[in-house]
Amino acid sequence: MNVLFIEDDRMNRRVVRDMLDVAGVAMVEAESAERGLEIIDEQDFAIILVDLRMPGMDGITAIEHIRARGDAKARTPIIVVTADIAPDLRERCLGAGADEVIFKPVAMDSLFDAMGMILARGAQGEGLIA
């Protein structure tokens, strides 16, 4: 399985990489939303993790760009990874096209629960995984 993590903070990327390594999951890193969109053009991913607050393009806008694609990559599952706790945050993320939202600091069980739930949906034919 190949996962893309779009996150501007190097330490947050490292923490998630270490968690995914435990499960044998490969992770590609993008330090900005713009770079993440370029990488999506080049590679396929089972899941995309995206931070919301980044310099330049924010995570919500990145999600909207991914969902607006005219190819199968538009259906790649997206998990928002954020420290934001705004009351309407979950609804905004889901409304933009995210499949799940988890909060920082990222706990391994939260990450794997969200990934497992999304993969199970895809296995049940809900069309989330390209």
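Read-outs: derived from the displayed coordinates by stated rules, not from any lab. Computed from a prediction, not measured in an experiment: that's the story for all the values here. Glycine gets a Cβ as well: all are built from the backbone with ideal geometry, and neighbour counts include every protein chain shown.
In table form, for the structure just shown:
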{"read-out": "Nonlocal amide H pairs with V50, under 5 Å, H built at 1.01 Å", "value": "I6, I79, V80, V81"}
{"read-out": "Residue of M115, M11, M54 that the Gaussian network model of the chain assigns the largest fluctuation, springs spanning Cα pairs under 10 Å", "value": "M11"}
{"read-out": "Estimated FRET transfer efficiency (D88, R67; beta-carbon r; R0 22 Å; 0.05)", "value": "0.70"}
{"read-out": "Under 5 Å, built H, 5+ apart or other chain: amide partners of F103", "value": "T82"}
{"read-out": "J(HN,Hα) series, segment 3-8, from Karplus relation 6.51 cos²θ - 1.76 cosθ + 1.60, nearest Hz, glycine and proline x", "value": "10, 9, 10, 9, 7, 7"}
{"read-out": "FRET efficiency estimate (nearest 0.05) - Cβ-Cβ, R14 to A74, R0 25 angstrom", "value": "0.30"}
{"read-out": "Axial C-alpha extent at least 15 Å, average Kyte-Doolittle at least 0.5 - helices from the chain (DSSP)", "value": "108-123"}
{"read-out": "Dipole axis of segment 2-123 (+1 Lys, Arg; -1 Asp, Glu on Cβ), positive-most option in G97, T61, I118", "value": "I118"}
{"read-out": "Gain in span if fully extended, R35 to N2, counting 0.36 nm per residue against the direct Cα distance", "value": "10.2 nm"}
{"read-out": "The chain: most fluctuating residue of V50, V16, V25 per GNM, C-alpha cutoff 10 Å", "value": "V25"}
